[in-house]
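One structure below.
Values quoted throughout were computed directly from the atomic coordinates according to the rules given, and no laboratory measurement underlies them. For clarity, every value in this text was computed on a predicted model and none was experimentally measured. Using ideal geometry, Cβ is built from the backbone for each residue, glycine included, and neighbour counts are taken over all protein chains shown.
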Amino acid sequence: MTDTGGGGGPPSKIDQIVGYRDIPATDNEPARRVPILAHERIVQAMRAGNYLEPACSSAGIQKTVVYKALRNAADLHARAAAQGVDNVLEVPGLERYDRTCVEFAAAVASAEAEWEVHANTQLERIGLGGQTIVTITEKHDAQGNLIERSTRTEEQAPNPQVLEWRLTRRFPARYTTKLELAGGLELSVSDEDAAARLSREVRAFVEQQQAEQPKRRPRKPKS
């Protein structure tokens with residue numbers, strides 16, 4: 001995220017420096033140290049699969065500061081739509097903080113989408129199986145010298161439970177069975193056999209509870 005000009009004001013808290021990273025020298029440029037800004041660390045943490053709140057903590061930023069920035073970005077998008085402006089950064093009168101919020105919100109959404117795609121791709125691979133797994137085992141003596149090394153290569157078997165889990169989440173109307181319980185409650189079960197078994201267990205539990213309750217004597221009507 002960079003300042004694109006327009007509007008004044010000091011840098012916001014999500015633009016503060018939280019660390020540095022070293023970039024090695026190349027044929028064209030010398031080695032240099034560049035600052036890491038708070039919003040960059042937050043987005044990096046979310047791209048790795050972390051939720052927003054721990055990502056804020058990793059950057060030393062309070063979650064309320066970040067939520068305020070995201071709400072401001074949403075308000076600016078609403079203002080742009082009301083004014084018929086396609087690019088929210090072209091809304092008249094934007095301050096530096098406004099631009100920071102808009103760019104930060106876009107980066108957060110992109111990071112979440114990237115991780116979701118990555119996670120679903122990994123789940124698909126696990127469900128279908130066929131991945132090669134290499135396990136290396138080493139044995140050392142008391143002095144720490146390597147005395148034996150073995151390598152085992154195997155192919156991962158398909159995992160139907162992962163595929164079933166994904167189907168029930170993505171197409172719940174097709175692959176989820178709803179079990180009606182007492183009191184109007186509903187319980188969703190993704191397998192019909194499991195639903196039938198659970199139904200029997202629930203009925204048995206209710207019958208047992210009723211049998212264990214002491215019989216109450218009928219009250220005499222008041223005269």
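Sorting 41, 125 by the number of Cβ atoms found within 10 Å of their own Cβ, with the fewest placed first, yields 125, 41. One quarter of the surface of the convex hull around the alpha-carbon atoms of region 13-127 equals 10.4 nm², the direction-averaged projected area. Net charge of the neighbourhood of residue 145, taken over other residues with C-beta under 15 Å away and scored Lys/Arg +1, Asp/Glu -1, is -1.
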